[in-house]
Amino acid sequence: MSDFDDFPEEPSDRGNATSSVHAGELRQQEANAITTPIYQTSTFWFRNSKEVTDYQEGKSDREEYGRYGNPTWAAVERKISALEGGEETVLFASGMCAATTTFMALLDDGDHLIVTSDCYRRTRQFIEQFLSRMGVETTVIEPSNLEAFREAIKPNTKLFFTESPTNPYLRVIDVPAFVEVAHAKGVQVIMDSTFATPVNHKALSDGADLVIHSATKYLGGHNDLLAGTLTGPSELVDPVRKALGVLGGIIDSHAAWLLLRGIKTLDIRMERHNANGLALARYLENHPKIGKVFYPGLPSHPDHEVAKRVMSGAGGVVTFEIDTDLAGAMRFIDATTIPYQAPSLGGVESLIELPVTMSFWDKPKEERLRLGITDSLVRYACGIENADDIIADIEHALEKV
Ligand SMILES: *Cc1c(COP(=O)(O)O)cnc(C)c1O
C-alpha cells in the first residue's frame, strides 16, 4: 500500500476547526480505522531492487529511513500546512530544534540576522553562542520598532526573526508593515508564532516567509510532549528538511501522534484560552494590588490596535506586576491552587511562574531589570478551566500578598 495515494486534496476554504480535525489525515486507513496509526518503525523496506532505484529516481512517494520521514509525522505536517495555509511543513523534536536547524540551514558565514530583544531566551542564547561562531552577525532591535528595523537592515541582511506575541510582554508585531520593509530590501521574515497559533494569527497570509512553532505549547496543548514545526514554501522548507536529516533532531513517532491528536481540538481550545486570558486580564487590571497588566486584548496594551488588526484572539497568557516584593510574589504563587507552578504555556492545565525565579534566576540583577524582568512580574498561562474558578483562585491568593 502506497502511503499517500489516498490522500485527498483538502479544500483550502475550510475553517480552522474542520482543518484541525480532518486536514492531513488519510480517509482510508489500514483496517478501516478512523485514526492515523503510530508508525513505530525505524526503517522502511523495499520488496526488490527496482523499488529502490524507483525511489532513488523520485518515481515513488514512500519512506526510506526513519531519520528522513515517517507517515505519522507526515500526517501532522500536512495538518499544520493546512492550518497555516503553507505549502510544506517539517516537524522537529522541539521548538528549539526547529529554530536552530532553520538558522543553520538558511544562514551562511557573513550573513546578517535581525532579531527582537523580547525573545525566547534559548533562541537568543543560540544566536549569541553558536551563530556568532558560524560567522553570522546579529542586530537586536526593540520589538515592534519599525524604524529601528529599517535602520538595522544592511546589504548582507538575510533574515528577520521575531516572535509575535513576544514573551513575556506580549508585544504584537505589525507583520504586514515589517514584511513590506523587509521584502523591499530582499530580507526574509521568520515568525515564531508559538504564542499566537494559526488560529489567532495566520503569519503566512500576512506575508511572512516562514512560520515556526514550539508545538510543545498550544499545538500539542496537553503539557505532555515536546515538538517543533516550520512551515512555508517548499523552496525554503526543503533545505531545512535536508539539514534536519543531517543534524538529526527528529521527533519520535509516538510524540508526533500525540501532537496529531492534540491539534484536533486546537480551534476549540483556543476559543477557551482566549476567553480565559481576556477575563483574567480584565479582572487583574481593576485589582488594587496589581500594577501593570500586559495583555494585547486590553486597550491599555501598547499594541492593542495592531493586535485588533492582525489577530483574531489575544491568547491565554497574561503577564502582570503585583505591587509587592519577591517574597510577596512568592507567597501569592504558593497560595494559588489551580495553576501548576511550571515553565511553559498552552496546555489545558493553567501554569504560573515568576520569570525571575524560573527562566532568569541565573541572570545578574541589572541585566534582568534591563530586560524588564522585575521581582514581582508574574506570567499566568491560562488553561481551559472555568474563568470564574481561575479568578476566584487568584482573588484568594492575592489576599496573601
Ligand atoms: C517554548 C518556546 C520555544 C522553545 O520550544 P521547545 O519546544 O521548548 O524547544 C521557542 N519559542 C517560544 C516562543 C517558546 O515559547
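The values are calculated or read from the model by the stated rules, or taken from the named source; none is laboratory data. Remember, it's a predicted structure, so these values are computed and weren't measured experimentally. All Cβ positions, even for glycine, are placed from backbone atoms using ideal geometry, and neighbour counts span all protein chains on display. Side chains included, ligands, DNA and RNA excluded: accessible areas come from the protein's heavy atoms. Shrake-Rupley method; radii C 1.70, N 1.55, O 1.52, S 1.80 Å.
Side notes on the structure shown:
- In summary, the lysines within cross-link reach of Lys50, defined as a Cα separation below 21 angstrom excluding same-chain residues under 8 places away, comprise Lys59.
- Computed from backbone phi, the HN-Hα couplings of region 151-162 come to 6, 6, 5, 10, x, 9, 5, 9, 9, 10, 10, 8 Hz, rounded to whole numbers (Karplus: 6.51 cos²θ - 1.76 cosθ + 1.60, θ = phi - 60°; Gly and Pro given as x).
- Top of Asp111, Asp267, Asp209 by mean-square fluctuation, Gaussian network on the chain, Cα under 10 Å: Asp111
- Couplings 3J(HN,Hα) of region 302-307, computed from phi: x, 10, 4, 5, 5, 4 Hz, in residue order, whole Hz [Karplus 6.51 cos²θ - 1.76 cosθ + 1.60, θ = phi - 60°; x for Gly and Pro].
- Among the trypsin sites (Lys or Arg not before Pro) within region 170-227, those in coil by DSSP and having at most 13 neighbouring Cβ atoms inside 10 Å are Lys185.
- Exposure of His183 as accessible area (Å², to 10), given a probe of 1.4 Å and all protein chains: 90 Å²
- Evaluated on region 223-311, the Kirkwood hydrodynamic radius is 16.8 Å, with distances taken between all distinct Cα atoms.
- The listed residues Thr89, Thr324, once ranked by accessible area (1.4 Å probe) with the largest placed first, stand as Thr324, Thr89.
- Candidates Pro168, Pro198, Pro343: whichever shows maximal mean-square fluctuation once the chain is modelled as a Gaussian network with Cα springs under 10 Å: Pro343
- Helix 266-285 and the long axis of the chain differ in direction by around 10°, with both axes built from C-alpha atoms.
- Taking 7 Å steps out from each Cα toward its Cβ at Asp108 and Ser344 produces label points 3.9 nm apart.
- Cross-link check: pairs Lys79/Lys242; Lys185/Lys363; Lys242/Lys363; Lys292/Lys365 evaluated at a Cα-Cα cut-off of 26 Å; pairs beyond the cut-off: Lys185/Lys363; Lys242/Lys363.
- Normalised per residue, the accessible area of region 11-263 is 42 Å², obtained with a 1.4 Å probe and no contribution from ligands, DNA or RNA.
- Karplus-derived 3J(HN,Hα), 6.51/-1.76/1.60, for each residue of region 46-57, Hz, glycine and proline x: 10, 6, 7, 5, 5, 4, 5, 5, 4, 5, 4, 8
- Note on the chain: dipole from Cβ charges, positive end direction compared against Asn156, Leu284, Val187; the farthest Cα belongs to Leu284.
- Accessible-area composition of the chain, carbon plus sulfur, in percent [1.4 Å probe]: 51 percent
- Gyration tensor (alpha-carbon) shape descriptor, region 202-271, a/c threshold 1.5: oblate
- Cα shape, region 1-130, gyration tensor, a/c 1.5 rule: oblate
- Model label points for Glu305 and Arg122, set 7 angstrom from Cα along the Cα-to-Cβ axis, are 3.7 nm apart.
- Taking 0.36 nm per residue of separation and subtracting the Cα-Cα distance, full extension of the segment from Leu247 to Lys365 would add 38.9 nm.
- Computed with a 1.4 Å probe on the full set of protein chains, the accessible area for Met330 sits at about 80 Å².
- Placing +1 on each Lys and Arg Cβ and -1 on each Asp and Glu Cβ, with no other charges, gives region 11-263 a dipole about its Cα centre of roughly 480 debye.
- Per DSSP, loop trypsin sites (Lys or Arg not before Pro) in region 58-108 with at most 12 further Cβ within 10 Å: Lys59
- When shorter helices are ignored and each DSSP H run of at least 4 residues is given -39500 (n - 2.57), the per-residue value for the chain at 222 nm works out to -11000 deg cm²/dmol.
- Solvent-accessible heavy-atom area per residue, rounded to whole Å², over region 267-398 at 1.4 Å: 43 Å²
- Folded to 0 to 90 degrees: helix 234-247 orientation relative to the chain principal axis, Cα: 90 degrees
- For region 31-108 and region 369-388, distance of Cα centres in Å: 37 Å
- Cα centroids of region 246-266 and region 270-323: 30 Å apart.
- Three-way shape call for region 257-401 based on the alpha-carbon gyration tensor, with the a/c threshold at 1.5: rounded
- Accessible heavy-atom area order of Tyr68, Tyr39, Tyr340, Tyr295, highest first, probe of 1.4 Å: Tyr340, Tyr68, Tyr39, Tyr295
- Choice from Gln188, Gln125, Gln341 with maximal GNM fluctuation in the chain (Cα, 10 Å cutoff): Gln125
- Counting Cα-Cα pairs of the chain in 10 Å increments starting at 0 gives whole-percent bin shares of 5, 22, 31, 25, 13, 4, 1, 0.
- Computed from Cα atoms, the angle from the helix 71-84 axis to the main principal axis of the chain rounds to 50 degrees.
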